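To start, the structure itself, in C-alpha cells.
The values are calculated or read from the model by the stated rules, or taken from the named source; none is laboratory data. None of these values were measured; they are calculated from a predicted model. Methodologically, a virtual Cβ is constructed for each residue, glycine included, from the backbone with ideal geometry; neighbour enumeration extends over all protein chains shown. Just the protein is used for accessible areas: all its heavy atoms, side chains included, with ligands, DNA and RNA removed. Shrake-Rupley method; radii C 1.70, N 1.55, O 1.52, S 1.80 Å.
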Amino acid sequence: MPKDVREEASSEAMIIATGLTKKYGDFVAVDEVNFTVTRGEAFGLLGPNGAGKSTTMKMIAATSLRTGGNLVILGKDPNKQGPEIRAHLGVVPQQDNLDRELKVWENLMVYGRYFGLSRKFLKGKIEELLEFAQLGEKRNSKTEELSGGMKRRLTIARGLVNEPEILLLDEPTTGLDPQARHILWDRLFRLKEQGVTLVITTHYMDEAEQLCDRLIVMDKGKIMAEGAPAELIKRYSSKEVLEVRFGSDNNASVSEKLKGIGERLEVLPDRILIYAESGEKCLEQIVKLGLEPVTSLVRRSSLEDVFLRLTGRTLVE
Amino acid sequence: MAPEVRAETKMTWVGAAKLVDPQVSIRFGAFFVAENRLRNMAKWWKSIIAFGLGNPSLYLLSIGIGVGSLVDSSLGPNAIDNVSYLTFLAPALLVSAGIQGAMDEVTWPTVEGFVWTRTFFSMNSTSITGRQIVSGILMAAMARCVFQVFLYELCLLAFGAISWQSIPILLLVSATAGFGFSAIMLAFSASIKDDDGVFALVGRFIITPMFMFSGTFYPITSMPIYLQWIGWISPQWHGTNLGRALSYGSPVEPWLQGIHWALLLMLAVIGITWANRVFESRLAK
C-alpha cells in the first residue's frame, strides 16, 4: 500500500478507493474507479443495472476480492484482512437474507453471535433494535410472517447489531411502498446523526437526494460524475425543466421550431423537455410562437435529470 | 394542532471499534455457525425425535424380527457370524442412521443457505468465513448424527440386538461413517445451483443402492463379484464391517479394519477440502 494512502486512511477517511478494478475474465465490472468516503458521511452509488454499483459494494463489504487498484477500508486491506474489516461493518443486502425458521429476535441474536457478542449484551441490544425498527410487537413472529417493509427494517436492524462504523445499504427501499420508504429514511437519518457512515446504492433519485451528502454516478464500470446532489444538478442540469406535450405524432416536428428556447432541448417520444433557468419564460416564448401544447409542466430540475443525461435513456436489463 | 412527535429512546452506541473484537469470531466463528444450525434444528425437535425413534422401531419390527425369524428358521440360529440375524443387522442399521442423520443436515439446508434464503451470504457479511461455515455445518450435522444414532442404539438395546458395552464403539463407527459421507454431500450440495430434483436422484441412485448392496442384510461376499464393488466404495459397507468387527467380534482382519477407518476419514478430508473451495468461491462472487 502506498505511504500516502496509508496516511489518508489513518485520518478521517473510512474508505479510499484508488484505481479500484474488478474483472471477471475479460469482462471489466468496475474500471479503475477512485473515491473517498469520510467518517459520518452518507455516500451514494448511483447507476443503471450493470453499472458496477453492487460489485463495488461487495468489494467494500470485503467479500469480493478486487483484481486491480487499491482499496483501504478502516485502514485495512480487504483482500488480506476481510474478517477484521467485516467485524466493524454493517451490511444490508439487496435481497433480504433473513433466517426464515427463526423468530424476529432470534435473527438478531444469531447475527450478533457471528460477531462474537455475548448473549447478555445482545439481550439488551435486541430490545433497542426492535424499538428502532418499530418491530417490538413482532419480536416473537417468524420472519416469513412479516411484510416486505418489516423484513427490510429487520434487515437494517440486524446490520446495526454490532454498532458498525460503516453501514452498507444495497438498494434499501426497493419494492417498498411510500410509507415504508419514509420510515426507513427517518431511521437512516437517525443513524447518520449518530455518526454512522452510510454507503448507499439506489435506483431512486429522490432517495439519493434525501439521504446522500455526496454521490458518484457510475456507468459501465466507470465514474461519470461525483459531487453533492445539488452540485451535480447545478453542473449537469438547469434550474428548471419545462415539459411540454404536443401529441406523440407532433413532438418531433414541433421541436424544430423550439430551437433556441432554453439552455437545452430533449425530444422524447411522448414529450419535449426544455432545460432552462425559468420554465415559465420558456412557456411564454412557445405561446408567442403560436404553438399550443396539449399539456405543460414546469418543475425543478432533479437528480433524475442528471442521471438520465449522464447514463442515457436506453433500457438496461 | 401541534405535530405528533414520538418519544423514542436513543440507542446506546459504543461503536464496533470498541465493541467487537474480530479475533473472537476468527477463532470461534465455526462454533457460532453451529449454534445457529442447532437453533434451527431445535425448531424441528419433535420431527427429529419422532423420526429417530419411529424409523428404527418400524425397521426392527419388520426386517429385524420379521425377516430375522425367517432367516433364523431357514438357516438355523446364529447362522451368520455366529450371532442372531438381528445382531448381525444392528451395526448396518446404525451406520445407515448415522449417514442419514448427518446427510439431512448438509443437503437441503445447504441449498437453502446459498439459494433460497441466502443465509450463508449473511453469515459471510460478518467476520465469518466460508471455511468456518463448512466447519459449523459439519459440527451441527455430527450433533444430529450422534443424537440419531444414540436413539437408534436405545431401540436396538430394547430389542436385545446389541449389548450396552458396544454402544460407544458403534456410536463412534456410525458417526465416522456419517462424517465422511456428509462431508462429501456438503461439498456436492454447495455445488448445485438449485435442487431441480437432484437430491431425489441421489436418493435413488446412490443412497438406496449403497444401503442395499453394502452387506447390510447379508454378507457382501454372498453377492456376485460384479456387484461387490458397490460395497467396496461405499462408506455404508466400511462402517458396517467395522461395526460388526468391533461390536460382536465378526472376523475382520486388523489390516482391513485399518482400511475401513482410513477410507472413512479420507472421505471426510476430501469432502471438507472440496467444500471449503466451493464455499469460498461461491461466497466471493
Of all residues being modelled with pLDDT under 95 and not in a helix (DSSP H, G or I) in the stretch B:117-160, which is nearest to the other protein chains (Cβ to nearest Cβ)? Just the residue, please. B:Arg118
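When residues of the stretch A:164-179 are filtered for being in contact (Cβ under 8 Å) with a residue 12 or more places away in the chain and either open to solvent by less than 10 Å² (accessible area, probe 1.4 Å) or not acidic (Asp, Glu) (or both), how many remain?
Qualifying residue count, the stretch A:164-179: 11.
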Reported set for the stretch A:79-98 where residues are hydrophobic (A, V, I, L, M, F, W, C) and open to solvent by 10 Å² or more (accessible area, probe 1.4 Å) is A:Val91, A:Leu98
Cβ pairs under 8 Å, 6+ apart, first in the stretch B:12-25 and within 7 Å of chain A (Cβ to nearest Cβ), second open to solvent by 40 Å² or more (accessible area, probe 1.4 Å) and among the polar types (S, T, N, Q): B:Trp13/A:Gln194
What residue, among those in the stretch A:99-157 that are β-branched (Val, Ile, Thr) and touching a residue at least 12 places away in the same chain (Cβ under 8 Å), is surrounded by the most Cβ atoms within 10 Å (Cβ to Cβ)? A:Val104
The conditions are (1) closer than 17 Å to A:Gln94 by Cα; (2) modelled with pLDDT under 90, and A:Leu160 fails exactly one of them. Which is it? (2)
Subset of the stretch B:77-112 [open to solvent by less than 20 Å² (accessible area, probe 1.4 Å) and either touching a His at 6+ places or on another chain (Cβ under 7 Å) or not in a helix (DSSP H, G or I) (or both)]: B:Glu105, B:Val106, B:Thr107
List every residue pair whose Cβ atoms lie under 6 Å apart, where the two residues are 6 or more positions apart in sequence or sit on different chains, the first residue falls within the stretch B:258-285 and is within 14 Å of chain A (Cβ to nearest Cβ), and the second residue, located anywhere, is open to solvent by less than 20 Å² (accessible area, probe 1.4 Å). B:Phe279/B:Gly130; B:Phe279/B:Ile133; B:Phe279/B:Val134; B:Phe279/B:Ala190; B:Glu280/B:Gly130; B:Leu283/B:Asn124; B:Leu283/B:Gly130; B:Ala284/A:Ser64
Number of the exception - B:Leu58 against (1) among the aliphatic types (A, V, I, L, M); (2) under 20 Å from B:Ile207 (Cβ atoms); (3) in contact (Cβ under 8 Å) with a residue 12 or more places away in the chain: (3)
Which condition number does A:Ser147 fail, the rest of (1) over 20 Å from the mean Cα position of the chain (by Cα); (2) within 22 Å of B:Val14 (Cβ to Cβ); (3) more than 11 Å from chain B (Cβ to nearest Cβ) being met? (2)
In the stretch A:210-235, anything surrounded by fewer than 19 Cβ atoms within 10 Å (Cβ to Cβ) and over 18 Å from A:Gly50 (Cβ atoms) is listed as A:Gln210, A:Asp213, A:Arg214, A:Glu226, A:Gly227, A:Ala228, A:Ala230, A:Glu231, A:Lys234, A:Arg235
Does the stretch B:56-71 include one or more residues that are buried (at least 20 other Cβ atoms within 10 Å of the Cβ), modelled with pLDDT of 95 or more and either assigned to a helix (DSSP H, G or I) or within 12 Å of another protein chain (Cβ to nearest Cβ) (or both)? no
Which of the residues spanning the stretch A:280-309 are open to solvent by less than 80 Å² (accessible area, probe 1.4 Å), under 21 Å from A:His203 (Cα atoms) and not aliphatic (A, V, I, L, M)? A:Arg299, A:Ser301, A:Ser302, A:Asp305, A:Phe307
Which ones in the stretch A:57-83 are in a loop (DSSP other than H, G, I, E, B), at the interface with another protein chain (Cβ under 8 Å from one of its Cβ atoms) and of a type in the set (Gly, Ala, Ser)? A:Ala61, A:Ser64
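List the helices (runs of 4 or more DSSP H) inside the stretch B:182-243, counting only whole elements, that have at least 1 residues being touching a residue at least 24 places away in the same chain (Cβ under 8 Å) and under 25 Å from B:Gly68 (Cα atoms).
Details: elements: B:198-202, B:208-212, B:225-232.
Hits in the stretch B:182-243: B:208-212.
Taking the condition in contact with a Phe, Trp or Tyr (Cβ under 9 Å, 6 or more places away or on another chain), outside the structural domain of A:Val217 (by TED's automatic domain parsing), closer than 30 Å to A:Pro48 by Cα and open to solvent by less than 70 Å² (accessible area, probe 1.4 Å), does A:Leu242 pass?
Numbers: in contact with a Phe, Trp or Tyr (Cβ under 9 Å, 6 or more places away or on another chain): yes; outside the structural domain of A:Val217 (by TED's automatic domain parsing): yes; closer than 30 Å to A:Pro48 by Cα: yes; open to solvent by less than 70 Å² (accessible area, probe 1.4 Å): yes.
So A:Leu242 fits the description; yes.
Here is a yes/no grid of residues against (1) within 23 Å of B:Met41 (Cα to Cα); (2) surrounded by fewer than 22 Cβ atoms within 10 Å (Cβ to Cβ):
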residue: B:Cys145; (1), (2): yes, no
residue: B:Leu151; (1), (2): yes, yes
residue: B:Ala161; (1), (2): no, no
residue: B:Gln165; (1), (2): no, yes
residue: B:Leu171; (1), (2): yes, yes
residue: B:Gly180; (1), (2): yes, no
residue: B:Ala187; (1), (2): yes, no
residue: B:Ala190; (1), (2): yes, no
Is the stretch A:36-56 home to any residue that is at pLDDT 95 or above, open to solvent by less than 10 Å² (accessible area, probe 1.4 Å) and either within 30 Å of A:Glu145 (Cα to Cα) or not in a strand (DSSP E or B) (or both)? yes
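Against the definition (within 9 Å of chain B (Cβ to nearest Cβ), modelled with pLDDT of 95 or more and out of contact with any Leu (no Cβ under 7 Å at 6 or more places or on another chain)), how does A:Arg86 come out, yes or no? Can you show your working first?
Details: within 9 Å of chain B (Cβ to nearest Cβ): yes; modelled with pLDDT of 95 or more: yes; out of contact with any Leu (no Cβ under 7 Å at 6 or more places or on another chain): yes.
Answer is yes for this residue.
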